[in-house]
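Before any comments, here is the structure.
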Amino acid sequence: MPKSNNNVAVKYKDVTGPLSIRMTNDFIFKVMLQKNKKVLKGLISSLLHLPLESITEAKIINPIVLGDAIDEKSIVLDVLVELNDNRRVNLEMQVADEKNWINRSTYYLCKNYTFLEKGKDYNDTKTIYQIGFLDFTLFNDAPEFYSTYMFTNMKTHRIYSEKLFIGIVDLSRTDLATEVDKKYNIDKWARLFKAQTWEEIKMIATQYPEINEAADTIYQISEDERIRQIYEAREDHLRRERGMVRMISEQAEEIAKLKAELAELKNNQ
């Protein structure tokens, strides 16, 4: 990294070239949101279409101890946030398509909704937002950049409850961002998370205060040697995980091919 004359590391605006860390790494994603509350509030205000000033408090209720080693068996890298207005937002970064996101996101949504303090009425349940940042397309027959789901009547589409909300940001399809997505800068956040160079980050960050904050935090994180070591370990785990998913997918395709060939042989007998 370049240095200033007084031997203090320069800010991200003076850095060029490829990033040494990737924001699609779920550990780094959580570290960034945990280290900078302005970034956390900015991201949530974009996703929920809320005025930034309306979020007076955003508390992460499942923080990790920054610098501690990661136990792959017990690690919790989703970001569960409690807002000041009786809402909970669960944010998660997921790169590998493990073919279980629909059930996984529904499970987390229901798990967080069923939390009710002793003595409270059912009307006191919190509004729960489960939002995933996926680096793959969930529904290939109907791709969207930012898709949102609620509990509705299947015939009339009347909303049954506004307390259950699932959102999915497809990081691989920013080209499908709507005017509303762009109005709330959701596409800018996605481009930040997918950025591979400081030049890409600077093109986005200089125009938006909260993303500028995020860029500065990314720089600070990239300079922390202990965090970088954990990042590398996590990247190795994710690479192995993606390799396993790819192998299983290829095996499934081969099995399907063999079944089709067997069926054709039987039909020709």
Dividing the Cα convex hull volume of segment 19-109 by residue count, how many Å³ per residue is that? 128
Calculated P(r) tail over 25 Å for segment 111-269, as whole % of Cα pairs: 58
Of the accessible area of the chain, computed with a 1.4 Å probe and all protein chains kept, carbon and sulfur make up a percent value of 51
Counting each DSSP H run of 4 or more residues in the chain as -39500 (n - 2.57), what helix-only mean residue ellipticity at 222 nm follows after dividing by all residues, to the nearest 500 deg cm²/dmol? -13500 deg cm²/dmol
Calculate, in whole percent, how much of the Cα-Cα pair population of segment 169-227 lies beyond 14 Å. 56
Please compute the length gained on full extension between residue 233 and residue 182, using 0.36 nm multiplied by the number of residues separating them and subtracting their Cα-Cα distance. 14.9 nm
Using only the alpha carbons, work out the radius of gyration and Dmax of segment 21-172 in angstrom. 15.9, 51
Set of lysines near residue 59 by C-alpha distance (under 17 Å), chain-local residues within fewer than 8 positions excluded: 30, 35, 37, 38, 41, 126
Förster radius 35 Å - calculated FRET efficiency between residue 54 and residue 203, Cβ distance, rounded to 0.05: 0.75
Give the relative contact order (percent, whole number) for the chain; include only Cα pairs under 8 Å separated by 6+ residues. 22
From the phi of every residue in segment 141-148, what ³J(HN,Hα) in whole Hz does the Karplus formula 6.51 cos²θ - 1.76 cosθ + 1.60 yield, where θ is phi - 60° and glycine or proline is x? 7, 8, x, 9, 7, 10, 10, 10
Using only the alpha-carbon atoms, what does the chain span along each of its principal axes? Please give whole angstrom values in decreasing order. 83, 48, 39
Amide hydrogen neighbours beyond the local backbone of residue 136, cut-off 5 Å, H modeled: 171, 172
Using amide H atoms built in the peptide plane, which far-off residues or other-chain residues are under 5 Å from residue 130 H to H? 90, 165, 166, 167
Nearest-0.05 FRET efficiency for residue 149 and residue 225 at R0 = 45 Å, using Cβ-Cβ distance, is 0.65
May I ask for the Rg/Rh ratio of segment 96-199, computed from Cα atoms with Rh as the Kirkwood radius, given to two decimals? 1.04
Estimated translational D of segment 175-269 in µm²/s (Stokes, Kirkwood radius over Cα pairs; 37 °C; 0.692 mPa s): 188
Relative contact order of segment 82-241 (C-alpha contacts under 8 Å, at least 6 apart) in percent is 17
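The values are calculated or read from the model by the stated rules, or taken from the named source; none is laboratory data. From a predicted model like this one, the values you see are computed outputs, not experimental measurements. Glycine also receives a Cβ, built like all others from the backbone with ideal geometry; neighbour counts cover every protein chain displayed. Quick note on the areas: whole protein, heavy atoms, side chains included, nothing else; ligands and nucleic acids left out. Shrake-Rupley method; radii C 1.70, N 1.55, O 1.52, S 1.80 Å.
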